[in-house]
1. What percent does the relative contact order of the chain come to when contacts are Cα pairs within less than 8 Å and at least six residues apart?
2. Taking the Cβ-Cβ separation of HIS47 and ARG185 as r and a Förster radius of 41 Å, what is the calculated FRET efficiency to the nearest 0.05?
3. Where does the longest stretch of the chain lie that holds no trypsin sites (Lys or Arg not before Pro) found in a DSSP loop with 12 or fewer other Cβ atoms within 10 Å?
4. Can you give the net charge of the other residues whose Cβ lies under 12 Å from the Cβ of THR150, counting K and R as +1 and D and E as -1?
5. Given +1 on the Cβ of Lys and Arg, -1 on the Cβ of Asp and Glu, and no further charges, what dipole in debye does the chain carry about its Cα centre, rounded to the nearest 20?
6. Divide by every residue of the chain the summed helix terms, -39500 (n - 2.57) for each DSSP H run of at least 4, and state the resulting mean residue ellipticity at 222 nm, rounded to the nearest 500 deg cm²/dmol.
7. Can you give the direction-averaged projected area of the convex hull of the alpha-carbon atoms in segment 32-192, in nm²?
8. Considering the dipole of the chain built from charges on the beta carbon (Lys and Arg +1, Asp and Glu -1) around the Cα centre, which of ILE36, ALA129, THR155 is farthest to its positive end?
Amino acid sequence: MPEPFDMSGALRFDLARGRVNLGGFGARVILPVEAISRLCRALDKEHMLDFGHSMGNEVGRRVAERLGPEMAMTTTEQLVEHLGGELALMGLGSLSLEFWGQAMVMSVVDSPFVFGDGSKPDAGDQLLAAILQSALLRVTSRQLAVVALTRLDDTVRFVVCSTSARGHVESWLAEGCHYGEALARLNEAGARS
């Protein structure tokens, strides 16, 4: 059984050399959120998502290397704990997991990627969805979709679904469907298949 995620000593600062290291995974750079926000606003959607996927791939790589052979015995909850630890080390918020019927929903609290007014999912949440999606791909070797459902105050919720269900969820949300109703429809569609 995998050990719980341990952040102690994960970030190392070598002030004499001006370097930050992430627990044996190489050099890191600490950037202001506003700089990342400006970068993402300057990119078209495809390039912004590519940027998120490259970040998520790195998150997934670190989790996969840490869990190693214990990956086969790792529960979904343990996997989310390790993914959440990596996101926290990057300063991207606190990750949690909930199930709405068969639908797996990940919530991130205090993400700094709020590029809009914070009243609904925006490009910052799409960036975070791309990070989560690529991290899951790297760790599970399964092509999954991560779709931003809703943003309420400091919490954004994402549904993890099949790539074929992604279009349905996105169209329901675009129609103005409440995220709870979208999850109910997703569960109903899953029950029929």
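Please treat every number below as a calculation from the coordinates, not as lab data. As the structure is a prediction and not an experimental result, all values here were calculated from the model. Positions of Cβ are backbone-derived with ideal geometry, glycine not excepted, and every protein chain shown enters the neighbour counts.
1. Numbers: 285 pairs, mean separation 36.1, N = 193.
Reported relative contact order: 19 percent.
2. On the way: r = 32 Å, r/R0 = 0.77.
Step by step, r from the Cβ atoms, then E = 0.85.
3. On the way: sites that count: ARG17, ARG142.
Of all site-free stretches, the longest is 18-141.
4. -1
5. 480
6. Theoretical 222 nm ellipticity from helices: -15500 deg cm²/dmol.
7. If I average the Cα hull's projected area over directions, I get 9.2 nm².
8. Value computed over the given set: ILE36.
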